[in-house]
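So the structure is just underneath, and the comments pick up after that.
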Amino acid sequence: MGTLQLPSFLLTSHKFHKPFQSRSTKSASHSSRIHQSSLDISRLASAKPEMLDVDLRWHDHRPGARPTEYDVVVVGCGPSGLRLAEQAARRGLRVCCVDPSPLAAWPNNYGVWVDEFVAMGLDPFLDKIWPMTAVIVDDRRTNYLNRPYGRVSRNGLKTHLLQECTSHGVEFHQAKAWEVKHNEFSSAISCSSGYELKANLVVDATGFSSPFVEYDKKRNHGYQIAHGILAEVNRHPFDLDKMLLMDWRDSHMDSEPYLRPQNSKTPTFLYAMPLNSTLIFLEETSLVSRPILSYTEIKRRMTARLRHLGIKLKRVIEDEKCLIPMGGPLPRIPQSTMAIGGAAGLVHPSTGYMVVRGLELAPVIAEAMVECLDVVAVRFEGTRSFFDAFFDLDNYYWEGFLSSRLSLRELLLLSLYLFGNASSKCKWDIVSKCPVPFVRMAGNLAIQST
């Protein structure tokens, strides 16, 4: 069975929602002009990685265990990777997910348009919905958008996807994928655990910094950077029934003019999810820029904005840094490793949104994977079963078939016997694909025998 190469449409870039963003270390220092009492993320943030309570199926690598060759190995357990694994397994493929910590909660906040989650049946996994969204252009103009916006329940959605994966037979291997080698008949994934997994198709869902996907051109991305916090505050000025998509006001810089020159070159806006009167998610965000805006600079601007709005932090519950590569080349097509999510360039080149698009595409990609794997080769099990049944026939029949000595009646009896001993999948293929060619063949044989 040859290494699978998927069609090019699976790697094209599309629009979408708040991405599975990369996360890296916080900047160590602030400018001396920032008042620590207003915003000291390093001092206040206390959230630790949470582990989800799901009983997974684990890949059996015990000594003496029967070797398993999977149809698909998905590297990475982000939203796109888990959704694709679940959809592929639902369609009958043998799937394994490789991740250093499959049960770890996703670290970043995701915001989506509610109608898009409803269309996928995932709206039960929105933990907050705002009936309207607002875009503040300046101190005089505000646009209200009549489209509900929601905050994704990260733990709820990941738990759901893990449970769906498990119920459809997906296995998990807790390790980091170190190397992928594509051989003539399969691919081998070397893991930090010391074990090697084999598969007909490898899907890279590890995000933007993927080491397994190949490019024809240098990856000269622009970057969107954001600093976000989920915080308990004394108060905030935002309406609880509206999600603030963008606040472009810069009046907070009047009292801190040293921020204006850089802001005029690379402006930033505030993104805010008011959860109640004292709990809010706040994120200062830049649009795509080259060179990248410094993380220290974006924290300075957020500090100035919150001070101007009279928002004082009591406790920072979550602290996240989002660095989103945008633009640049798409993966080379064709190639033997398939990508999804950030590794596939699915991030919207203007907004940085992606999560919804990855979730939407997973069923389409899973269908294509099933079709391509069936076209590349019939399952070995079915093929072996067929030849096992064929050579188990009386010598007269298999010798007669191979030497073209059987009569039409004997050929029909042979066909019925083989059909009765075929696998369910082979039977379905025969019923759905073979009637017309079989009738033609039988007609030709009847003509030749007269």
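Observations on the model:
- For ASP239: the one exception among (1) farther than 20 Å from ILE340 by Cβ; (2) acidic (Asp, Glu); (3) under 20 Å from the mean Cα position of the chain (by Cα): (3)
- Residues of the stretch 120-147 that are under 30 Å from SER80 (Cα atoms) and among the polar types (S, T, N, Q): THR133, ASN146.
- Those residues of the stretch 48-68 which are modelled with pLDDT under 95 and crowded, with 16+ Cβ neighbours inside 10 Å, in sequence order: HIS59, HIS61
- Yes/no for ALA226 being in contact with a Leu (Cβ under 7 Å, 6 or more places away or on another chain), surrounded by 17 or more Cβ atoms within 10 Å (Cβ to Cβ) and in the same structural domain as GLN87 (by TED's automatic domain parsing): no
- Given (1) surrounded by fewer than 21 Cβ atoms within 10 Å (Cβ to Cβ); (2) in contact with a strand residue (DSSP E or B) (Cβ under 9 Å, 6 or more places away or on another chain), number of the condition VAL202 does not satisfy: (1)
- Filtered by the rule that a residue be modelled with pLDDT under 95, crowded, with 19+ Cβ neighbours inside 10 Å and of a type outside the set (Ser, Thr, Tyr), the stretch 264-296 gives VAL288, LEU293.
- Subset of the stretch 308-322 (residues that are surrounded by fewer than 16 Cβ atoms within 10 Å (Cβ to Cβ) and not small (Gly, Ala, Ser)): LYS312, LYS314, ARG315, ILE317, GLU318
- For the stretch 259-292, a residue qualifies if it is of a type in the set (D, E, K, R) and in contact with a helix residue (DSSP H, G or I) (Cβ under 6 Å, 6 or more places away or on another chain), and the qualifying residues are ARG260, GLU284.
- MET338 crowded, with 24+ Cβ neighbours inside 10 Å and more than 20 Å from PRO211 (Cβ to Cβ): no
The values are calculated or read from the model by the stated rules, or taken from the named source; none is laboratory data. On a predicted model such as this, the values are computed, not experimentally measured, just so you know. Virtual Cβ from ideal backbone geometry, glycine too; neighbours counted across all protein chains shown.
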